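Just below is one structure, and these are the notes that go with it.
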Amino acid sequence: MELSKIISSSLKYPFRNIAKLPIIFILFLLIAVIPIGRLLDNNYIVLVGVIAFFIFLLIVPGYFLGVVRKGSIESSLFPSLSLVDSIYDSIRVLVLRMVYMIVPTIVFFIAFSTLGASAADMLYGWQISNFLATLGAMLLLILIVYLIFEFLLLFAKARLAYLNSLKEALKINKVMGDIKKIGIVNIIKWIILMIILLVAVSLISSLVMAIPYVGFLIYVAVVIPIAESIGNYSLGLLYSNIIDNDNDLDKLEQEIKQFKYHN
């Protein structure tokens, strides 16, 4: 699928499923309960908000994995909300994230333990410039490693959605193979377009947030879920290019076999 079609289809996706949008809106309202409770200075509402937040974490990540899955098979429908499936998928998404963040976490602790050993000496010796340079280099290293694994995680999530297998999603070499099939250039173009879309959403959000109280609720319950729907569906559509290419390759191999057989 062409990149332009991916973006246009993704933008239309939430609005083709108007009937199911309220379900997502309600789910995202769960994370607004805590701020409301703090605003009203009501500990009971805050407690309800904490519970609601955990419910949100158990349902929403898994539901949006279903959105990625719909995109990967180029379906224009929203996934049906199944609590069991959503919770199961949310747990798998959480496990996937935890595994992919192991290396960035290790790099983080190694970097700061190394810095901690020499920071005191540099500061004691008034080597401020050396300290700042070392700190900057380590922060840059941590950021680069984090972004690399966040990038891999993105397509591991797409692989999990399509193959419905956590084991397959944890195979980094396979994920890298998927990325290669899609094409780094195509992915960069897609990321740039999604960033532009995010900026546009942010501009709209700033206008919405200007509305006292209600603006925050609209932002949380409407703007964010629509943006998430677009982003996850777009990821699925991007991943569908791998499937299309593989199917084309299978057809070509079958045609070659048939040709050899008849000759």
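Just a few scattered comments:
- Boolean, ILE230 is in a helix (DSSP H, G or I), surrounded by fewer than 16 Cβ atoms within 10 Å (Cβ to Cβ) and either touching a residue at least 24 places away in the same chain (Cβ under 8 Å) or of a type in the set (Val, Ile, Thr) (or both): no
- The listed residues are PRO22, PRO35, and the only one of them that is out of contact with any strand residue (DSSP E or B) (no Cβ under 6 Å at 6 or more places or on another chain) and within 15 Å of ILE226 (Cβ to Cβ) turns out to be PRO22.
- Among the residues of the stretch 76-113, those that are without any contact (Cβ under 8 Å) to a residue 12 or more places away in the chain and assigned to a helix (DSSP H, G or I) comprise VAL84, MET98, ILE102, THR105, ILE106, PHE109, ILE110, SER113.
- Flag if LEU153 is in contact with a helix residue (DSSP H, G or I) (Cβ under 9 Å, 6 or more places away or on another chain), in a helix (DSSP H, G or I), within 26 Å of TYR88 (Cβ to Cβ) and free of Cβ contacts under 8 Å to residues at least 60 places away in the same chain: yes
- Residue within the stretch 29-42 that is among the acidic types (Asp, Glu) and modelled with pLDDT under 90 present: yes
- Members of the stretch 23-43 found to be in contact (Cβ under 8 Å) with a residue 60 or more places away in the chain, surrounded by 13 or more Cβ atoms within 10 Å (Cβ to Cβ) and not small (Gly, Ala, Ser), listed by number: ILE24, PHE25, LEU27, PHE28, LEU29, ILE31, PRO35
- Only one of the numbered conditions (1) at pLDDT below 95; (2) in contact with a Phe, Trp or Tyr (Cβ under 8 Å, 6 or more places away or on another chain); (3) among the aliphatic types (A, V, I, L, M) is violated by ALA156, and that is (1).
- Taken over the stretch 10-32, the criterion of being in contact with a Pro (Cβ under 6 Å, 6 or more places away or on another chain) and among the β-branched types (Val, Ile, Thr) is satisfied by ILE24 alone.
- The stretch 158-171, residues that are surrounded by 16 or more Cβ atoms within 10 Å (Cβ to Cβ) and of a type in the set (A, V, I, L, M, F, W, C): ALA158, LEU160, ALA161, LEU166, ALA169, LEU170
- Yes/no for MET176 being at pLDDT below 90, part of a helix (DSSP H, G or I), out of contact with any Ser or Thr (no Cβ under 7 Å at 6 or more places or on another chain) and not acidic (Asp, Glu): no
- Count of residues meeting criterion [surrounded by 15 or more Cβ atoms within 10 Å (Cβ to Cβ) and part of a helix (DSSP H, G or I)] in the stretch 12-22: 3
- Residue selection: TYR219 fails the criterion of being surrounded by 17 or more Cβ atoms within 10 Å (Cβ to Cβ), assigned to a helix (DSSP H, G or I) and within 14 Å of the chain's Cα centre (by Cα).
The values are calculated or read from the model by the stated rules, or taken from the named source; none is laboratory data. Here the structure is a predicted model, which means the values were calculated and not measured. Counting neighbours? That spans all protein chains shown, and the Cβs are built from the backbone with ideal geometry, glycine included.
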